[in-house]
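Novice: Here you go, one structure.
The values are calculated or read from the model by the stated rules, or taken from the named source; none is laboratory data. What you are looking at is a predicted structure, and each value in this text was computed from that prediction instead of being measured. Because the Cβ atoms are built from the backbone with ideal geometry, glycine has one as well, and the counts that use them run over all protein chains shown. The accessibility values were calculated without ligands, DNA or RNA, using every heavy atom of the protein model including side chains. Shrake-Rupley method; radii C 1.70, N 1.55, O 1.52, S 1.80 Å.
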Amino acid sequence: MTPSAGERRPGHHQQLGAAGEELAAQWYTSAGYEILARNWRCRDGELDLVARGYGTVVFCEVKSRTSSRFGVPAEAVSVAKQRRIRGLAARFLRDNPQRGIVRFDVAAVLDGKLEILEGVF
């Protein structure tokens, strides 16, 4: 059965998110970064991407949307979400010591088009 208008296919959000994360990982790799972790999890949450390059450790939150009907992807990274990501990053660094400057990026994917917002929080 095909979903009617307004319905979502099972796993649609997961597929959309995975595709966005793949685009972002490819961007970082092609820009000379090494991907340290994808979907790193602990009991407190998950980090989408952790990359290292040019003396910097990057924690990237990936947000994907098919349209801007409910706002652009970067708007979904609220202050509370930023706080959570910072805490997860501290835990990641405790468990996986790294040298370098820490940066927090957002990878915004809108209708398949990627925009990397560097150092946004």
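Novice: If you take the square roots of the eigenvalues of the alpha-carbon gyration tensor of segment 73-121 and sort them as a ≥ b ≥ c, do you get rounded (a/c under 1.5), prolate (a/b over b/c) or oblate? Don't skip to the answer; put the middle values down first.
Specialist: Details: a/c = 2.60, a/b = 1.75, b/c = 1.49.
Verdict is prolate for segment 73-121.
Novice: Given an 8 Å cut-off on Cα distances and at least 6 residues of separation, report the relative contact order of segment 17-121 as a percent.
Specialist: Working: 179 pairs, mean separation 28.4, N = 105.
So the answer I get is 27 percent.
Novice: Could you work out which residue, out of I35, I101, I85, moves most in a Gaussian network model of the chain, that is, has the largest mean-square fluctuation with Cα springs under 10 Å?
Specialist: Taking springs between Cα atoms under 10 Å, the residue moving most is I101.
Novice: Same structure again: Given 0.36 nm per residue, what is the gain on full extension from A80 to D95 after removing their alpha carbon distance, in nm?
Specialist: Between A80 and D95, full extension yields an extra 3.1 nm.
Novice: In the neighborhood of T29, defined by Cβ-to-Cβ distances under 15 Å, what is the net charge if each Lys or Arg adds +1 and each Asp or Glu adds -1? Walk me through the intermediate numbers first.
Specialist: Working: positive: R38, R52; negative: E21, E22, E34, D48, D105.
Counting the neighbours of T29, the net charge comes to -3.
Novice: From the phi of every residue in segment 37-48, what ³J(HN,Hα) in whole Hz does the Karplus formula 6.51 cos²θ - 1.76 cosθ + 1.60 yield, where θ is phi - 60° and glycine or proline is x?
Specialist: Coupling constants for segment 37-48: 7, 10, 6, 5, 10, 9, 5, 8, x, 9, 9, 5 Hz.
Novice: Which one of G11, G87, G53 has the biggest mean-square fluctuation once the chain is modelled by GNM with Cα springs under 10 Å?
Specialist: Of G11, G87, G53, the most mobile in the Gaussian network model is G11.
Novice: For a quick check of your reading of the filter: which trypsin sites (Lys or Arg not before Pro) in segment 26-118 sit in a DSSP loop and have no more than 15 other Cβ atoms within 10 Å?
Specialist: R43, R69, R99
Novice: Which of rounded, prolate or oblate describes the chain when judged by the alpha-carbon gyration tensor and an a/c cut-off of 1.5?
Specialist: In terms of gyration-tensor shape, prolate.
Novice: Quick one: accessible area per residue over the chain, 1.4 Å probe, rounded to a whole number of Å²?
Specialist: 62 Å²
Novice: Shifting gears a bit: Tell me, which longest segment in the chain has none of the GluC sites (Glu not before Pro) that fall in DSSP loops with at most 16 further Cβ atoms within 10 Å?
Specialist: 8-117
Novice: Using Cα springs under 10 Å in a Gaussian network model of the chain, which residue among V77, V106, V50 shows the largest mean-square fluctuation?
Specialist: Looking only at V77, V106, V50, the largest GNM fluctuation is found for V77.
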